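The structure appears below as structure tokens.
The values are calculated or read from the model by the stated rules, or taken from the named source; none is laboratory data. Predicted model only: the values in this text are computed from it and were never measured. Here the Cβ positions follow ideal geometry from the backbone for every residue, glycine too, while neighbour counts run over all protein chains shown. Each accessible area value is taken on the protein alone, full model and side chains, heavy atoms only, with ligands, DNA and RNA left out. Shrake-Rupley method; radii C 1.70, N 1.55, O 1.52, S 1.80 Å.
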Amino acid sequence: RASAASASPRLTSPRLVASGPSLLSASPSGSSPATSLRRAASGGRAAFAAFRPPAGSSGSGASPVDELQHRRELAQWAENLHEEVVKLEEERANMESQLEASLAQQRSLESELEATRRRCAELERAVASVSNGRGGGIGAERSAAAENVELRKQLAAYAVEIDVLREEKQAASHAVYSTSEEMQRLAAERDELHRCYAASNGDVALDLTVTNVNFDRLHANPELLQAFHAQLKHAITEDARQHGETSVCPEHVAVEGLTRGSVRVQASVAAPVGTRADVIAAKLGNSQTLARGVAMSLEAMDTISAAREGPIGVHSLLVRHRRGPELETRLRQVQDAHDSLQRSHATMRQNYDSLLESHGQLQREHDMLTEQHGEEQALRVEAESRLEANRDDMDVRLQCEAERRQEDKKNIAATATLKEDMGRIVQELMKLVDELQQKYVSQTRHYEQLAKAVRKQQLAHMQDVQDSIELTDSQHEFLHKLRGHIAAARNTSAARDAELQATRETAESYETKVRDLYDENRSAANHVRAHQDEVRWRDERENERLREQQQQEHQKLLAALQRYRIINNPNISEAMFAALEGKMVQKVTGVDPKQPLGKPQLAWRWLKVVIDTTADGHPKMMLRWAKAPYQTYTDKSTCDLTRVLILGYGFAARAPTLLPDEKGVVPERCFSVFTPRRSFDFVCNEDSDAEIFMLVLSRLCYRVQGWPVMGNIPSHSKFMGARGWCKVQKNCREKKQTLCKVMQEALHTAVGDAVAAGFLLPRSPGGASSGYG
């Protein structure tokens with residue numbers, strides 16, 4: 001019934017709809033915006049005062065069903081009327097804010113105009129003073145005076161436009177004020193209507209249909225009809241008493257009429273003194289036994305067999321609270337007033353738009369005048385520059401002298417600053433030179449050692465070369481002497497030719513040896529040079545290796561610092577955002593303490609954290625989850641964080657114990673929320689999802705309770721530690737061993753691997769006296 005009432009269309013008076021265009025077109029096109037606003041406001045008030053409700057709207061000749069439908073439409077119409085009034089109040093507030101903005105803009109324009117006037121006066125005084133002191137600026141003065149007169153005329157015209165705009169603004173503000181008064185009066189009418197609606201008690205109307213009872217037979221027998229009415233009154237009275245309304249008696253129940261077909265009954269219940277009719281209507285409307293009680297009461301009649309055609313049934317039961325006709329009249333009056341005010345508001349809106357358009361046009365004219373004023377000001381500046389050029393030479397020389405002195409002072413200050421800067425630079429250079437000297441001393445020592453070794457080898461090679469050169473010189477001298485002796489011997493005796501040939505062969509062999517020694521000397525020099533190049537290359541390679549090593553160490557340090565910041569970062573804003581958005585998790589369901597052998601089940605839920613505030617301003621934080629399609633969050637699917645006692649993670653949660661063999665139930669992805677009455681167990685898809693909810697729930701529980709709950713994990717580093725220990729515990733449980741036993745086996749395995757790799761010496765078979773190497 002409530003859905004049918006809410007779906008009914010909003011009622012609108014045809015008379016107001018027909019008169020709407022005449023009110024909207026009441027303002028002539030040639031009138032000003034303020035005049036149109038005043039006319040629209042006065043027209044709205046006149047329409048509101050002259051309205052009278054239409055006659056015959058609630059006549060007594062209408063059927064009860066039509067009257068019931070009419071009353072429903074009136075109730076829906078009252079709700080729509082209230083909504084329209086609220087919208088009109090919001091639009092009025094928006095119009096007032098726009099009016100305030102236009103007033104502020106007008107004040108700024110007036111201030112700019114006043115500044116322009118002051119600037120013009122200053123320029124006039126400056127021109128007058130310059131013209132009195134200089135005789136050669138008469139032409140410039142006349143032109144400036146003419147320009148000033150023209151500018152003054154334009155400013156006067158602009159002042160007139162601003163005055164007109166101010167008058168229109170005042171008229172618009174007056175119209176808005178009158179509209180606000182109408183809105184306040186309409187609000188008062190609405191409040192009075194609500195009070196009347198609450199004060200009127202009315203009665204309870206019932207409408208039902210009785211099946212398998214012949215209408216003609218029932219009306220043909222007056223005694224049967226009277227008994228039928230009495231049974232209906234008795235059944236309605238008994239049902240009202242069963243629901244707590246003990247003051248209701250059959251005298252308060254009246255059967256208003258019966259209609260043909262299946263017998264349709266219209267009855268009413270008058271509210272006894274001290275009771276409310278709407279309460280009785282609510283109880284009878286929510287009753288589950290009224291229709292069945294009426295049917296059983298009619299079946300129990302002894303004389304009903306004369307009109308019965310089968311098993312008696314009751315359906316189409318409708319119970320409503322019925323008000324008086326005065327309230328309907330008031331509702332129509334408020335609706336008509338609301339419509340007239342809405343039309344006046346639309347007219348005012350159009351006039352306000354035209355006012356804004358005229359204001360924009362005036363703003364454009366102001367911009368154009370400002371541009372002209374800028375051009376005039378540029379011409380005036382040019383005239384001032386020409387007047388400044390005619391000053392006395394003495395002023396120029398004095399100014400030049402003052403500038404020269406100021407320049408000298410600046411040069412002295414700059415020199416002092418430069419000396420200080422040079423002193424600091426010299427100190428920095430001295431420090432740099434000291435560092436370079438220290439590095440140069442160490443490099444010089446190293447190079448000196450290398451040079452000594454190279455020089456020693458070079459001296460040895462040079463000695464060998466010198467020996468070879470001396471040997472070559474002696475051989476050349478010997479050959480020279482030998483050639484002289486041979487020439488003498490050749491002249492003296494031909495017998496010495498054989499000896500001379502032998503001597504020549506000996507000399508050639510000596511020349512060959514000298515040539516070999518020379519080649520050996522060059523190869524030794526090349527070897528020394530190659531050795532120097534190799535030493536230099538090795539030094540460069542060593543320096544490059546050291547630089548790369550330093551860069552690698554620096555990068556490792558930065559990576560370690562970044563990892564430390566990530567692990568120990570207290571900021572959980574990303575986790576908080578993800579928790580507020582929600583994650584898809586599996587929830588453990590079907591856990592019944594009365595059936596310990598029953599196996600729980602996993603069901604998909606959309607889990608998220610909700611942060612809200614209570615009516616008194618305190619924070620309200622909850623954990624909520626929803627079933628598919630994951631849109632409805634009921635009160636049963638909610639956990640208030642103020643009632644959380646323990647947060648369990650890993651094996652402290654219940655999911656690994658309740659579902660030990662379930663696929664996908666990993667301990668490091670499970671967490672539980674324990675409250676005084678029950679616990680909520682969840683299994684996440686990823687390790688990161690479990691970390692998000694553990695961090696956020698730990699922080700929010702601490703925030704809302706003022707103390708950390710048991711099992712809280714407030715940071716990423718602590719969660720990493722908890723997850724690591726959870727994996728260690730999982731390994732121990734899988735092996736069914738204690739932690740000490742698992743660590744002992746791991747140590748033995750590590751020692752065996754180290755011995756096999758050759759890093760440790762094996763234990764001697766002698767016993768415990770020998771250790772590991």
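Just the number please: accessible area per residue for the stretch 413-468, 1.4 Å probe, all protein chains included, in Å². It would help to have the intermediate numbers written out before the result.
Numbers: 4930 Å² over 56 residues.
Ligands and nucleic acids excluded, the result is 88 Å² per residue.
Cβ-Cβ distance of residue 247 and residue 305, R₀ of 35 Å, FRET efficiency by 1/(1 + (r/R0)^6): the value works out to about 0.50. Throw me the Rg/Rh for the stretch 225-310, computed over C-alpha atoms with Kirkwood Rh, two decimals. Rounded to two decimals, Rg over Rh is 0.98. Within the same chain, lysines fewer than 8 places from residue 741 are excluded, and of the rest, those with a Cα less than 25 Å from its Cα are 727, 730.
Length gained on full extension, residue 522 to residue 163: 118.3 nm, using 0.36 nm per residue less the C-alpha separation.
For the Cα trace of the stretch 661-722, dividing Rg by the Kirkwood Rh returns an Rg/Rh value of 0.98.
Identify the residues of the stretch 528-551 with backbone N under 20 Å of a label point that sits 7 angstrom from the Cα of residue 457 along the Cα-to-Cβ direction, or state none. Under 20 Å, as judged by backbone N against the label point of residue 457, lie 528-542 of the stretch 528-551. The simple spin-label model puts a point 7 Å past each Cα toward its Cβ; for residue 511 and residue 403 those points are separated by 9.0 nm. Computed over the stretch 553-663, the Cα gyration tensor eigenvalues convert (square root of 5λ each) into semi-axes of 33, 24, 14 Å, ordered from largest to smallest.
Once the C-beta distance of residue 87 and residue 350 is scaled by a Förster radius of 25 Å, the resulting FRET efficiency is 0.90 to the nearest 0.05. Karplus-based coupling profile of the stretch 228-237, in residue order and whole Hz: 4, 4, 5, 5, 4, 4, 5, 5, 5, 5, with θ = phi - 60° in 6.51 cos²θ - 1.76 cosθ + 1.60 and x standing for Gly or Pro.
Taking 21 Å as the cut-off for C-alpha to C-alpha distance, list the pairs among 587/663; 87/620; 587/608 that go past it. The partial results should precede the final answer.
Details: 587/663 14 Å; 87/620 32 Å; 587/608 13 Å.
Over 21 Å Cα-Cα: 87/620.
From the square roots a ≥ b ≥ c of the eigenvalues of the alpha-carbon gyration tensor of the stretch 585-726, which class results: rounded (a/c under 1.5), prolate (a/b over b/c), or oblate? Oblate is the answer for the stretch 585-726, as a/c is 1.5 or above yet b/c matches or exceeds a/b.
A straight Cα-to-Cα reach below 26 Å connects residue 439 with the lysines 431, 452, 456, residues fewer than 8 places away in its own chain not being considered. Label positions at residue 481 and residue 718, each projected 7 Å from the Cα along the C-beta direction, are separated by 10.7 nm. Semi-axes of the equivalent ellipsoid of the stretch 411-549 are 66, 21, 10 Å, computed as sqrt(5λ) over the eigenvalues of the C-alpha gyration tensor in descending order. Each label was represented as a point 7 Å from its Cα along the Cα-to-Cβ direction; for residue 449 and residue 410 these points are 6.0 nm apart.
If you wrap the stretch 217-271's Cα atoms in a convex hull and average its projection over all directions, what's the area in nm²?
Values: hull surface 15.9 nm².
Averaged projected area of the stretch 217-271's Cα convex hull equals 4.0 nm².
Figure the gain on full extension for residue 156 and residue 216 (residue separation times 0.36 nm, minus the Cα-Cα span) and round it to one decimal in nm. Contour length minus the Cα-Cα distance gives 12.1 nm.
Each peptide in 103-111, 714-722 gets a packing score, the mean of other Cβ atoms within 10 Å over its residues, and the list from highest to lowest is 714-722, 103-111.
Which of the peptides 686-699, 84-97, 611-624 is most tightly packed, and how do the rest follow, judged by the mean count of other Cβ atoms within 10 Å per residue? Don't skip to the end; give the middle numbers.
Working: 686-699: 21.1, 84-97: 14.5, 611-624: 12.4.
The packing order, highest mean first, is 686-699, 84-97, 611-624.
Please give the length that would be gained between residue 436 and residue 688 if that part of the chain were fully extended, namely 0.36 nm times their separation in residues minus their C-alpha to C-alpha distance (nm, one decimal). Walk me through the numbers on the way to the answer.
Numbers: separation 252, 0.36 × 252 = 90.72 nm, distance 5.39 nm.
Result: 85.3 nm gained on full extension.
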